[in-house]
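Q: The structure under discussion is supplied below as C-alpha cells; questions concerning it will follow.
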Amino acid sequence: MKEFNKALGNFINDAAAGGAVRHLADLGYSISKIAEEINYPISKERIAQYMWEHYLNIGKISLEEPKPVYEKASFVKEQDEFGRISFRRVTETVDNADKEYVQCEFGKELYKNTEDFKAFLERLEPGDREYITLMPWPLTTVYHELDERMKRIVLEKGQSYKK
C-alpha cells in the first residue's frame, strides 16, 4: 500500500507540475525561478529531479559519451478497431553533430566537498550554484551540453572549451 501511495503521489506531482517544469527548464529558467512561477507546492529538489530526468531524455545531459549520430528508441501506443491496445517500437536517428558537450564530475566534487570546490560554488551566480547543488549528479562522469549556463560554470571553474 505504501508503494502505491508513493506512485500515486509521483503521478499527481508529475501531472500537476512536471510539464511546467520541463517547459520552463527548456526556456533556461533556474530552479528558484521555476519554483516562483509554478502555482503548485513542490520542493526545489523535486524540480531539480524533473529537470534531470527531462535533460536525460532530450540529450542535454548524457551518462555516456555522446555520439554525433545515434538511434533513439521510443514506444507508440496504438489501438486497433476492436479496442485492443498495443505498443510499437519506433526508432529515430538523432543528429548530435552540431552540439558540444563538456564533461562534468559534480557528483564526485559535491561528495568530496573540498575547500576549492566550495570556493568555486561561492563564485557562481545563485541560479548556477543551485543547479550544481540541487541536481542529482551521479558519482561518475556526466556529459552536459555546452549551453549558456554551462559556459558560465565552465569559465568560472577555469576549464576551457572549444568554441
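Any read-out appearing in this document is the output of simple, stated calculations on the displayed coordinates, not a laboratory observation. In this text the structure is predicted, and so the values were computed from the model without any measurement. All Cβ positions, glycine included, derive from the backbone under ideal geometry; neighbour counts span all protein chains shown.
Q: Can you give the charge dipole size of the range 73-129 about its Cα centre, rounded to the nearest 20 debye, using +1 on the beta carbon of Lys and Arg and -1 on the beta carbon of Asp and Glu?
A: 320 debye
Q: Another question, then. Relative contact order of the range 97-163, please, whole-number percent, based on alpha carbon pairs below 8 angstrom and at least 6 residues apart.
A: Over the range 97-163, the number comes to 49 percent.
Q: Here is a follow-up. Grab the DSSP H runs of the chain that are 4 residues or longer, score each as -39,500 (n - 2.57), total them, divide by all residues and round the 222 nm result to the nearest 500 deg cm²/dmol.
A: Dividing the helical sum by the residues of the chain leaves -13500 deg cm²/dmol.
Q: Would you list 38, 132, 85, 47 from fewest to most Cβ contacts within 10 Å?
A: Going from sparsest to densest Cβ surroundings: 85, 38, 132, 47.
Q: How charged is the neighbourhood of residue 90? Take every other residue with its Cβ under 14 Å from the Cβ of residue 90, and add Lys/Arg as +1 and Asp/Glu as -1.
A: With Lys, Arg at +1 and Asp, Glu at -1, the net is +1.
Q: How large is ³J(HN,Hα), in whole Hz, for each residue of the range 79-88 in order, when computed from phi with the Karplus curve 6.51 cos²θ - 1.76 cosθ + 1.60 and θ = phi - 60°, using x for Gly and Pro?
A: With coefficients 6.51, -1.76 and 1.60, one gets 10, 8, 5, 9, x, 6, 9, 9, 10, 10 Hz.
Q: Provide the net charge surrounding residue 101, with neighbours chosen by a C-beta distance below 9 Å and charges set as Lys +1, Arg +1, Asp -1, Glu -1.
A: -2
Q: Using Cβ counts within 10 Å as a stand-in for footprinting exposure, how do 94, 21, 102 rank, fewest first?
A: 94, 102, 21
Q: Return a whole-number percent for the relative contact order of the chain, with Cα pairs under 8 Å and 6 or more residues apart as the contact set.
A: In percent, rounded to a whole number, it is 23.
Q: For residue 149, what charge total do you get from the other residues with a beta carbon under 15 Å from its beta carbon, if Lys and Arg give +1 and Asp and Glu give -1?
A: Cβ neighbours under 15 Å give a net charge of -1.
Q: Now a separate question. In terms of the ratio Rg/(2.2 N^0.38 Å) built on C-alpha atoms, what value belongs to the range 61-163?
A: Ratio of Cα Rg to 2.2 N^0.38 Å: 1.49.
Q: Now, a different point. Mind checking the dipole of the chain: about its Cα centre, +1 per Lys or Arg Cβ, -1 per Asp or Glu Cβ, Debye to the nearest 20?
A: 220 debye
Q: For residue 151, which lysines qualify as cross-link partners when the Cα separation must be under 17 Å and same-chain residues fewer than eight apart are set aside?
A: 60, 99, 162, 163
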